[in-house]
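First up is the structure itself, then whatever we jot down about it.
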Amino acid sequence: MRKAQKETALSFVQTLYQANEHIKELLDQKDTVQAMELLGQCQQEAISFGELLEKTEGEACPTIGYIEQYCEETYQLYVKLRENEPVNNKQTHKLFRRQLIQVENSVKNDILQELEIVFLPYNASMWDSLESVWKAADEDPCCNVYVIPIPYYDRNKDGSLNKEHWEGNLFPDYVPVTRHEDYDFAERRPDVIFIHNPYDNFNYVTSVHPFFYSKNLKRFTDNLVYIPYFILDEISPDDRQEIEKMKHFCTAPGVINADKVVVQSEDLRQIYIDVVTKAAGADTRGYWTKKISGLGSPKADKVLNSKKEDLIVPDGWMKKIRKPDGSWKKIIFYNISIGPFLYYRDKMLDKIRDVLEIFEENRDDVVLLWRPHPLLEATVESMHPELLKRYQELVDDYRRSDWGIYDDTADMNRAVLLSDGYYGDTNASAVPLYGITRKPALIQDPNVNMKDKSFKLSFEDAVIEKEKLIFPTGDCDMICLYDFKNGITKKFKGYASEDIFKQHQYGAVCKYGPHEYLFAPSSGSKILLYHSEKNEFSYIDIENVKGESSKLFGTTLQNGKYVYLLPGTYPAIVRFDCEDNTVDYYGNWLNKLKNHVKKGEELFGHGCGLIGENLFLASKTANQLVKFNLLTQAETLITVGSSDTSYSAICSDEKNCWLATSDGTVMRWDPVSQKCEIIDLPQDIGSSGYLSFSGLLYFDKRIYAVPYSAKDAVVINQETLQARILHTNDTMESCWCSFSRITENKLYLYYSEQRRLLEIDLLQGKPSNSYTIYEDQDDPISRKDFYWKNCWDKSKNQYIEADSNSLSFFLDAVKRSSIDGHREKAGLIGKQIWDSIVNA
């Protein structure tokens with residue numbers, strides 16, 4: 001019996017209880033006429049109920065016998081009342097009550113409650129996000145389970161629905177499939193509906209049939225359960241920048257409309273709760289906390305419960321996998337996902353072409369298993385049709401040449417289990433799954449030109465003087481000098497690094513004397529001093545540094561005989577005395593900051609403001625500034641802007657501070673009047689997402705807002721507040737500037753992803769030069785050593801593509817490796833999810 005039917009049966013018994021009480025009251029009042037009429041109604045309803053049980057449970061159902069006894073007693077009482085025979089009302093009332101208790105207990109204990117469960121996958125390749133839950137439900141004897149693949153459509157550019165797809169014939173043979181036309185949702189009203197597509201009408205590439213939007217499915221069930229079809233990289237609930245990138249997942253219609261949401265971990269659960277609470281209001285937190293659980297992703301079950309030897313490998317694949325001696329080549333799973341393709345576009349197409357060339361060169365020992373995202377081609381056709389032909393040509397040429405495997409099947413897990421290593425995009429669901437197998441992965445970088453055999457150096461701060469650039473490179477621990485005229489990079493000799501392959505020991509740098517330079521530690525533990533005339537290095541200790549952070553100090557400021565090291569993650573302002581090489585610490589304000597961050601997270605936005613003797617720092621987590629008096633060391637916290645504001649950058653003119661907020665707003669703040677003015681920015685700067693501006697610079701009565709996710713820089717007139725675009729970007733993509741400086745009427749911007757330093761002539765208002773800074777050709781670093789020691793992410797079992805040789809190094813390591821991966825335990829996530837649903 002269905003749950004709703006059983007609830008109706010129990011409700012019917014309660015009605016008979018009430019009728020029994022009313023009959024007793026009527027007989028106490030000697031009103032036999034109404035008592036007889038009510039007895040007749042009870043008997044007729046009981047007979048109808050018994051007939052329903054015979055139909056649904058069969059004649060052997062024990063409850064039917066108890067109902068027949070009740071009907072017999074009601075008939076006997078009716079006859080006695082009709083014949084005016086004496087009736088012991090109290091005894092009769094007890095008799096009826098005992099019989100109804102028997103009926104109620106029999107309904108509860110003798111009638112098996114059945115649940116009708118419906119799974120609504122739409123893309124067969126995403127079935128693994130529901131399969132282990134389906135298996136648990138299918139094994140439950142109290143459940144009738146239906147898998148109903150639903151149609152979905154490509155979208156035209158105007159948003160209208162185009163070609164229909166139905167992939168019910170692509171599901172595994174062991175999954176019984178019901179066509180959606182054969183299931184009447186309104187009539188059957190399933191007890192639970194599972195979905196894995198949360199977008200309803202808000203996916204601009206594809207759309208499931210509108211009938212299956214979550215807001216409509218709510219009409220047909222009391223328990224709509226959403227489980228994401230994807231797995232995300234794990235994110236800390238305190239990592240605001242990464243959360244900003246994925247928060248759209250948290251507010252999708254499926255999350256809002258579902259009765260229960262299951263995400264992959266407790267950290268992701270907390271992020272979902274925080275994001276939707278912020279959107280819906282603080283008073284809703286309890287609702288979301290109860291609704292969202294972090295039991296895990298069934299996709300992990302598929303990997304944990306599968307064995308490589310059980311895979312069915314097509315004959316055509318095996319011809320490419322086997323060597324002439326019968327042994328297997330190493331197999332690399334190559335994955336292209338949608339997000340990076342849309343972001344890099346032509347650059348990604350160039351990358352794919354180069355990757356295919358490298359794998360073809362290694363075909364004797366390595367076989368490429370190329371598996372792009374199943375919706376990639378449809379997405380390109382919808383959003384960037386100008387790229388479609390070139391992409392299809394790459395695919396067609398690859399398939400026609402027949403030296404590698406092209407996997408467009410619905411089963412991604414086969415590629416995960418079969419392969420020996422992963423190469424591809426970092427935001428694909430395959431990467432977290434690969435982490436479960438513990439096999440190595442290399443994350444590709446479309447900015448790396450695989451044909452460029454020279455190593456490019458990156459940096460986050462530099463001193464620019466006399467056509468020279470002095471900087472600490474973040475790629476490996478070296479201090480370098482780059483000559484703009486001849487394009488030659490030289491390493492400073494005599495620098496005794498603690499670990500030459502440790503990343504980002506030093507970041508911020510300043511020149512504090514004719515020949516003296518100070519390098520502030522990022523992940524290092526000491527201040528580094530350099531005397532260029534003597535070519536001498538020395539170190540200054542800093543208190544309580546364990547080297548755990550990646551950015552201890554973000555900015556330096558020289559004022560008189562002092563250099564101030566302004567904190568990134570370090571919990572104080574550090575003042576260095578250039579004359580006697582001593583340091584002092586100022587951080588009494590730290591614990592008073594709003595949204596005080598935990599250890600390891602940056603405290604302040606880029607830069608600082610300096611007005612008179614007052615230094616200003618802007619909080620990266622709250623609407624607060626720290627005012628620090630350089631003469632008295634007095635510290636003051638000031639609230640600026642609305643409560644939901646935080647800051648990405650700050651600078652100052654003669655009397656005002658200029659602030660860039662985390663959501664891309666720029667404002668002018670007067671410390672005397674406390675007045676804030678929002679700047680009206682141009683609409684076409686390409687701003688998109690977290691920290692639209694990475695820095696602010698003041699020069700010649702103008703403020704320069706340096707792009708983070710904005711496409712170009714913005715120039716603001718100090719007096720009129722008029723803003724205009726300064727075109728600094730010759731591509732269509734947003735670019736992050738990790739370094740910016742104005743020197744001698746020239747603005748320098750370093751685009752970290754492109755590894756390109758752009759020089760802009762501010763008098764001409766346009767770029768004048770572009771520089772790519774390569775390693776010292778006469779004294780190159782060992783790139784292989786650098787790659788293995790510097791780019792290995794132990795927590796994710798991944799490598800980051802650092803240079804043009806990274807893929808070659810990776811393939812060489814995989815060839816020599818005997819790693820087959822391992823699974824620590826069997827997957828039970830689907831069973832746990834199912835138990836949480838039925839026991840709720």
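Identify, please: which residue in region 473-494 is part of a loop (DSSP other than H, G, I, E, B) and closer than 21 Å to residue 787 by Cβ and is, among those, modelled with the highest pLDDT?
474
Inspect region 629-640 for any residue being over 19 Å from residue 240 (Cα atoms), within 34 Å of the chain's Cα centre (by Cα) and part of a loop (DSSP other than H, G, I, E, B) and give the result as yes or no.
yes
Scan 386, 377, 393, 360 and give me the residue that is in the same structural domain as residue 331 (by TED's automatic domain parsing), surrounded by fewer than 19 Cβ atoms within 10 Å (Cβ to Cβ) and under 18 Å from residue 330 (Cα atoms).
The conditions single out 360.
Can we say residue 569 is under 22 Å from residue 462 (Cα atoms) and at pLDDT below 90?
Yes, satisfied.
Suppose we filter 368, 442, 418 for residues that are over 29 Å from residue 242 (Cβ atoms), crowded, with 21+ Cβ neighbours inside 10 Å and aliphatic (A, V, I, L, M); which single one remains?
The conditions single out 368.
Quick one: would you say residue 564 is modelled with pLDDT of 90 or more, more than 40 Å from the chain's Cα centre (by Cα), part of a strand (DSSP E or B) and not polar (S, T, N, Q)?
No, not satisfied.
How many residues does region 710-748 contain that are more than 29 Å from the chain's Cα centre (by Cα) and free of Cβ contacts under 8 Å to residues at least 60 places away in the same chain?
Adding up the residues that qualify gives 21.
Filter region 769-790 down to residues that are touching a Leu at 6+ places or on another chain (Cβ under 9 Å) and among the polar types (S, T, N, Q), then give me how many there are.
Residues flagged as touching a Leu at 6+ places or on another chain (Cβ under 9 Å) and among the polar types (S, T, N, Q) within region 769-790 amount to 3.
Checking the condition touching a strand residue (DSSP E or B) at 6+ places or on another chain (Cβ under 9 Å), charged (D, E, K, R) and modelled with pLDDT of 90 or more, which residue from 330, 319 passes?
330
How many of the residues in region 567-593 are of a type in the set (Phe, Trp, Tyr), over 17 Å from residue 507 (Cα atoms) and in a loop (DSSP other than H, G, I, E, B)?
1
Consider residue 251 carefully, then state whether it is in contact (Cβ under 8 Å) with a residue 12 or more places away in the chain, surrounded by fewer than 19 Cβ atoms within 10 Å (Cβ to Cβ) and assigned by TED's automatic domain parsing to the domain that holds residue 122.
In short, yes.
To keep it simple, each residue is scored yes or no on (1) among the polar types (S, T, N, Q); (2) closer than 30 Å to residue 365 by Cβ.
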{"residue": "263", "(1), (2)": "no, no"}
{"residue": "271", "(1), (2)": "no, no"}
{"residue": "297", "(1), (2)": "yes, no"}
{"residue": "330", "(1), (2)": "no, yes"}
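Between a residue in region 460-478 that is in contact (Cβ under 8 Å) with a residue 40 or more places away in the chain and any residue that is basic (Lys, Arg) and in a strand (DSSP E or B), which pairs come within a Cβ distance under 6 Å, given they are 6 or more apart or on different chains?
Close Cβ pairs satisfying both conditions: 463/511; 464/741; 478/491.
So if I check each of 535, 544, which one is farther than 23 Å from residue 786 by Cα, modelled with pLDDT under 90, within 39 Å of the chain's Cα centre (by Cα) and loosely packed, with under 14 Cβ neighbours inside 10 Å?
544
Across region 23-71, which residue is surrounded by the fewest Cβ atoms within 10 Å (Cβ to Cβ) among those that are of a type in the set (Gly, Ala, Ser) and on the phi < 0 side of the Ramachandran plot?
60
Among (1) in contact with a helix residue (DSSP H, G or I) (Cβ under 8 Å, 6 or more places away or on another chain); (2) without any contact (Cβ under 8 Å) to a residue 12 or more places away in the chain; (3) surrounded by 14 or more Cβ atoms within 10 Å (Cβ to Cβ), where does residue 218 come up short?
Looking at each condition in turn, residue 218 falls short on (2).
When region 547-558 is examined, which residues are found to be modelled with pLDDT of 90 or more and either loosely packed, with under 13 Cβ neighbours inside 10 Å or among the hydroxyl-bearing types (Ser, Thr, Tyr) (or both)?
Listed by number, the residues that qualify are 555, 556.
Consider residue 137 carefully, then state whether it is farther than 21 Å from residue 375 by Cβ and either modelled with pLDDT under 95 or touching a Phe, Trp or Tyr at 6+ places or on another chain (Cβ under 6 Å) (or both).
Answer is yes for this residue.
I need the full set of residues from region 74-107 which are over 18 Å from residue 25 (Cα atoms), among the charged types (D, E, K, R) and surrounded by 14 or more Cβ atoms within 10 Å (Cβ to Cβ), in order please.
104
Considering 30, 6, which residue is farther than 18 Å from residue 105 by Cβ and not β-branched (Val, Ile, Thr)?
Result: 30 is the single residue among 30, 6 that is farther than 18 Å from residue 105 by Cβ and not β-branched (Val, Ile, Thr).
Yes/no per residue for (1) free of Cβ contacts under 8 Å to residues at least 40 places away in the same chain; (2) under 23 Å from residue 574 (Cβ atoms):
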{"position": "609", "(1), (2)": "no, yes"}
{"position": "623", "(1), (2)": "yes, no"}
{"position": "628", "(1), (2)": "no, yes"}
{"position": "639", "(1), (2)": "yes, no"}
{"position": "643", "(1), (2)": "yes, no"}
{"position": "647", "(1), (2)": "no, yes"}
{"position": "653", "(1), (2)": "no, no"}
{"position": "664", "(1), (2)": "no, no"}
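Is there a residue in region 466-475 that is of a type in the set (Lys, Arg), crowded, with 21+ Cβ neighbours inside 10 Å and either outside the structural domain of residue 336 (by TED's automatic domain parsing) or more than 30 Å from residue 747 (Cα to Cα) (or both)?
Within region 466-475, not a single residue is of a type in the set (Lys, Arg), crowded, with 21+ Cβ neighbours inside 10 Å and either outside the structural domain of residue 336 (by TED's automatic domain parsing) or more than 30 Å from residue 747 (Cα to Cα) (or both).
Taking the conditions exactly as written (modelled with pLDDT under 95, closer than 21 Å to residue 297 by Cβ and crowded, with 17+ Cβ neighbours inside 10 Å), does residue 224 satisfy them or not?
For residue 224, the condition - modelled with pLDDT under 95, closer than 21 Å to residue 297 by Cβ and crowded, with 17+ Cβ neighbours inside 10 Å - is not met.
Whether any residue in region 408-418 is within 19 Å of residue 361 (Cα to Cα) and of a type in the set (S, T, N, Q) is what I want to check.
No: region 408-418 contains no residue that is within 19 Å of residue 361 (Cα to Cα) and of a type in the set (S, T, N, Q).
Could you look through region 641-690, keep only residues that are charged (D, E, K, R), at pLDDT 90 or above and surrounded by 14 or more Cβ atoms within 10 Å (Cβ to Cβ), and pick out the one that is farthest from the chain's Cα centre (by Cα)?
The extreme case among them is 653.
The values are calculated or read from the model by the stated rules, or taken from the named source; none is laboratory data. Keep in mind it's a predicted model, so treat the numbers as computed, not measured. Note that we place each Cβ from the backbone using ideal geometry, even for glycine, and neighbour counts take in every protein chain shown.
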